[in-house]
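So the structure is just underneath, and the comments pick up after that.
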Amino acid sequence: MKRLFAFAFLTLWAAACLAGDKPVSSHAQYFEHYEGTKTCLQCHRQDAENFFHSQHYQWEGNAPNIVNADGRKLGKMNTINDFCTNPRVNWIGNVKNSRGEVITKGCSACHAGSGKLPSEKMTEDQLENIDCLMCHANGYRRDLYPDGKGGWEWKPILWQNQVGMDSVAKRISLPTRIMCLRCHSASGGGANYKRGDIEYVLSDTTRDYDVHMGTNGANMQCIACHKGQDHRVRGRGSDLSGTDMPSAPLSCSTKECHGDAPHKLAVLDKHAERISCTVCHIPDFARTDATDMYRDWSKPAYNAEADKYSATITLEKDVKPVYAWYNGTTREQFMGEPVHKLADGTIGMMIPMGSKADPHSKIFAFKLHRAKMPVLDGKDYIIPIEVEEFFSNGNIDEAVKAAAKATYHVDDAKYTWMPTTRYMGIFHGVQPKEKALQCLDCHGKNGRMDWKALGYGQDPLAVLMSAHK
């Protein structure tokens, strides 16, 4: 799966330098030469074992918030998405265009490992595959190299420069925004393509852009909210399958954050009982980098400048969220199961559960992503796509059939293109109260809420005002 890994890292590294983020050699006294993860294991074996079992390494985990999970462990490895579809069929390799330029290196570019697929069984080989420096070393960069066995592996670009490698490997710290953003901002094939609300600018921004991460505001790192324990990370949004810490979900209304009555006005706190903070405090997203709102895999698009193919992608900036009820659980479309169609005829890839009648539901802000994906004739199974070679040759039929063979063991698969719908929670880019939505933004004549879709006959404020006439 295509990643802008190198570009993203260089961009964020430059931002860190401009922001005065000076490397600190916190581990200078602990080892002389860095010899890969086995150096870290001398002191941090238990941490490595904990990390091995985490979602960041396994890309699978317990999924109690997926209503149709049926007890299965779920994650990137065994589910499908409508962006780059599935990492197993797009894991690692140097794919080149007709000019001989490398255009993609696989999904493992953003896996915290050195190139091996994670296994269920913990072995020494798997522990040494963990790339600790991805999340803990300021200035660390890596690239893809032949492994000497006909395959590929990720190695530090300084692997043949021991002095430089030792210098970088001793700059150990807790993960910073830059370390997190170099993968989470680049997912989906480009800057901010996938999430929509996780932009590179968050590495060094202002309170006006994000009250939590702004350097002249709270200046919070990602782990201020997402840090859990034993290398487990808190939070899952609404369209992630598994969760590392289901017993400690993230919420603005917890005591450690803002509480359930954060406003000075009772009417606002009354709203907060059924409306997520994100609704009012994130009026729009993709404010700097445009985000992918529609990805049509049935129509290959050729970029002459880059000499590569992609799906036909519709990018948008300054996007207003859509709003839906959400009680913390989601219904997911799985591979190997007949597609579940929504009322509009689209396949529901990730659909938030909840309703006005559900006391555990609140109205949340979402990015509504649409796509067109292949569905296996006769079975109605959604098919992933082997996107790596497709980026080079543009042969989408070949890419679909290869994935159908690998996933369902079907030769020369027949399939139909079908539209999909995915709801993705919007949680970052929280703006200060001065920029929050005002009453008429929702309750005005051209307000942004679709009251009927939310289960109201009409604007509830209009009903209230009518009753008091």
Exercise. Output the residues belonging to the stretch 239-271 that are among the small types (Gly, Ala, Ser) and either out of contact with any strand residue (DSSP E or B) (no Cβ under 8 Å at 6 or more places or on another chain) or at pLDDT below 90 (or both).
Key: SER247, ALA248, SER251, SER253, GLY259, ALA261, ALA266
Self-check item: Count of the stretch 386-426 residues which are under 30 Å from GLY237 (Cβ atoms), part of a helix (DSSP H, G or I) and out of contact with any strand residue (DSSP E or B) (no Cβ under 7 Å at 6 or more places or on another chain)
Solution: 5
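So which residues in the stretch 281-315 are among the basic types (Lys, Arg) and under 27 Å from PHE427 (Cβ atoms), if there are any at all? Reasoning before the result, please.
Looking only at the stretch 281-315, we keep the residues that are among the basic types (Lys, Arg), and these are 287, 295, 299, 308.
Within the stretch 281-315, ARG287, ARG295 meet the criteria.
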Exercise. Would you mention how many residues in the stretch 352-385 are in contact (Cβ under 8 Å) with a residue 40 or more places away in the chain and part of a strand (DSSP E or B)?
Key: 17
Exercise. Answer yes or no: is there a residue in the stretch 268-287 that is among the charged types (D, E, K, R), outside any strand (DSSP E or B), within 26 Å of TYR456 (Cβ to Cβ) and touching a His at 6+ places or on another chain (Cβ under 6 Å).
Key: yes
Self-check item: Every pair of residues 6+ apart whose Cβ atoms lie under 7 Å, when the first sits in the stretch 282-294 and is at positive phi while the second is small (Gly, Ala, Ser)
Solution: ALA286/GLY196
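Table: residues versus (1) β-branched (Val, Ile, Thr); (2) under 24 Å from SER108 (Cβ atoms); (3) touching a helix residue (DSSP H, G or I) at 6+ places or on another chain (Cβ under 9 Å).
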{"residue": "ARG331", "(1), (2), (3)": "no, no, no"}
{"residue": "GLU337", "(1), (2), (3)": "no, no, no"}
{"residue": "HIS340", "(1), (2), (3)": "no, no, no"}
{"residue": "GLY345", "(1), (2), (3)": "no, no, no"}
{"residue": "PRO352", "(1), (2), (3)": "no, no, no"}
{"residue": "LYS367", "(1), (2), (3)": "no, no, no"}
{"residue": "ALA371", "(1), (2), (3)": "no, yes, no"}
{"residue": "TYR381", "(1), (2), (3)": "no, no, yes"}
{"residue": "PRO384", "(1), (2), (3)": "no, yes, yes"}
Practice problem: Kindly provide the set of residues from the stretch 442-469 that are more than 29 Å from the chain's Cα centre (by Cα) and in a helix (DSSP H, G or I), ordered by number. | Solution: HIS443, PRO460, LEU461, ALA462, VAL463, LEU464, MET465, SER466, ALA467
Quiz item: Of the residues that make up the stretch 189-199, is at least one touching a helix residue (DSSP H, G or I) at 6+ places or on another chain (Cβ under 7 Å), among the basic types (Lys, Arg), surrounded by 17 or more Cβ atoms within 10 Å (Cβ to Cβ) and without any contact (Cβ under 8 Å) to a residue 40 or more places away in the chain?
Solution: no
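How many residues, within the stretch 211-233, are in contact with a helix residue (DSSP H, G or I) (Cβ under 6 Å, 6 or more places away or on another chain) and either among the polar types (S, T, N, Q) or within 15 Å of HIS428 (Cα to Cα) (or both)? Spell out how you get there, then give the answer.
To start, the set of residues in the stretch 211-233 that are in contact with a helix residue (DSSP H, G or I) (Cβ under 6 Å, 6 or more places away or on another chain) comprises 213, 221-222, 230-231, 233.
Next, only the ones that are either among the polar types (S, T, N, Q) or within 15 Å of HIS428 (Cα to Cα) (or both) stay: 213, 221-222.
Within the stretch 211-233, residues that are in contact with a helix residue (DSSP H, G or I) (Cβ under 6 Å, 6 or more places away or on another chain) and either among the polar types (S, T, N, Q) or within 15 Å of HIS428 (Cα to Cα) (or both) number 3.
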Quiz item: Where residues in the stretch 87-144 are of a type in the set (Gly, Ala, Ser) and more than 19 Å from the chain's Cα centre (by Cα), which of them is surrounded by the fewest Cβ atoms within 10 Å (Cβ to Cβ)?
Solution: GLY100
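Could you check the stretch 342-359 and list, in sequence order, the residues that are under 20 Å from ALA69 (Cβ atoms) and touching a Gly at 6+ places or on another chain (Cβ under 7 Å)?
Taking the stretch 342-359 and keeping what is under 20 Å from ALA69 (Cβ atoms), we get 342, 347-354, 358.
Of everything in the stretch 342-359, just one residue is under 20 Å from ALA69 (Cβ atoms) and touching a Gly at 6+ places or on another chain (Cβ under 7 Å), namely LEU342.
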Self-check item: Qualifying residue in the stretch 158-165 (condition: touching a residue at least 24 places away in the same chain (Cβ under 8 Å) and closer than 23 Å to THR104 by Cβ)
Solution: no
Practice problem: Quick one: in the stretch 384-403, of everything that is touching a Lys or Arg at 6+ places or on another chain (Cβ under 9 Å) and among the hydrophobic types (A, V, I, L, M, F, W, C), which residue is farthest from VAL95 (Cα to Cα)? | Solution: ILE396
Quiz prompt | Flag for LEU174 being aliphatic (A, V, I, L, M) and over 21 Å from SER54 (Cα atoms) | solution = no
Practice problem: Among what's in the stretch 223-272 and is acidic (Asp, Glu) and over 23 Å from THR330 (Cβ atoms), pick the residue that is farthest from the chain's Cα centre (by Cα). | Solution: ASP269
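The values are calculated or read from the model by the stated rules, or taken from the named source; none is laboratory data. These numbers were taken from a predicted model, which means no experiment stands behind them. Note: ideal-geometry Cβ built from the backbone for every residue, glycine included; neighbour counts use all protein chains shown.
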